[in-house]
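J.: Pasting a structure here, questions to come.
The values are calculated or read from the model by the stated rules, or taken from the named source; none is laboratory data. Keep in mind it's a predicted model, so treat the numbers as computed, not measured. Because the Cβ atoms are built from the backbone with ideal geometry, glycine has one as well, and the counts that use them run over all protein chains shown.
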Amino acid sequence: MNLNIFALGLGAMAGLMMAVQGAMNAMLTKAIGIFETSLIVNLMGFLISGALVLFGLGSGNLARYAAVPWYASLGGVLAVGIIYGVSLSIAKTSAAPATTAIVFAQILTAALLDQFGVFGLPQVSFTWLKGAGIVLLVGGAYLVLQSR
């Protein structure tokens, strides 16, 4: 098993931040509205990312943007849908049930993306072990959702 522990740690930290961000976005959504929340969240991300790039902390090259397929930029469109779905689901159900549904859908989708090598990802076959893991996640999700 060739796993990069540092990369997995970063992924875990991102997951932690996503859970906190979802709760914060739900709070903001209740106060100002869903699309207003999306505007504020994306504007903050734009300003911080822009500052990091302007201060030379970016590791890429914006000049290569023209060579990227058009659909690679649709992450920004998806971000609006993500903020919408996460904010409303947490606001309506609370953090644990909403995050359970989110993580389950992320893992299932990620397994499919790996299986087909979508968006330049290396193709990684769907195995019975991954299938068993997803089945166990379904059981865990059921238990989390029942405890409400």
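J.: Listed residues Leu137, Leu145, Leu129, Leu112; which is of a type outside the set (Asp, Glu), over 24 Å from Gly75 (Cβ atoms), under 18 Å from the mean Cα position of the chain (by Cα) and not assigned by TED's automatic domain parsing to the domain that holds Gly75?
T.: Testing whether each residue is of a type outside the set (Asp, Glu), over 24 Å from Gly75 (Cβ atoms), under 18 Å from the mean Cα position of the chain (by Cα) and not assigned by TED's automatic domain parsing to the domain that holds Gly75 leaves just Leu137.
J.: Does the range 50-64 include one or more residues that are hydroxyl-bearing (Ser, Thr, Tyr) and either surrounded by 10 or more Cβ atoms within 10 Å (Cβ to Cβ) or closer than 29 Å to Gly139 by Cα (or both)?
T.: No: zero hits.
Here's the yes/no breakdown for (1) among the charged types (D, E, K, R); (2) at pLDDT below 90:
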| position | (1), (2) |
| --- | --- |
| Ile5 | no, yes |
| Ala12 | no, yes |
| Gly22 | no, no |
| Lys30 | yes, no |
| Glu36 | yes, no |
| Val53 | no, no |
| Ala79 | no, no |
| Tyr84 | no, no |
| Leu88 | no, no |
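J.: Quick check: is even one residue across the range 116-136 in contact with a Leu (Cβ under 9 Å, 6 or more places away or on another chain), outside any helix (DSSP H, G or I) and exposed (fewer than 13 other Cβ atoms within 10 Å of the Cβ)?
T.: yes
J.: Moving to a separate point now. Out of Ala101, Ala51, I need the residue that is among the small types (Gly, Ala, Ser) and out of contact with any Ser or Thr (no Cβ under 8 Å at 6 or more places or on another chain). Which one?
T.: That would be Ala51, the only listed residue that is among the small types (Gly, Ala, Ser) and out of contact with any Ser or Thr (no Cβ under 8 Å at 6 or more places or on another chain).
J.: While we're on this one: Quick check on Val135: is it without any contact (Cβ under 8 Å) to a residue 12 or more places away in the chain, farther than 30 Å from Ile34 by Cα and touching a helix residue (DSSP H, G or I) at 6+ places or on another chain (Cβ under 6 Å)?
T.: no
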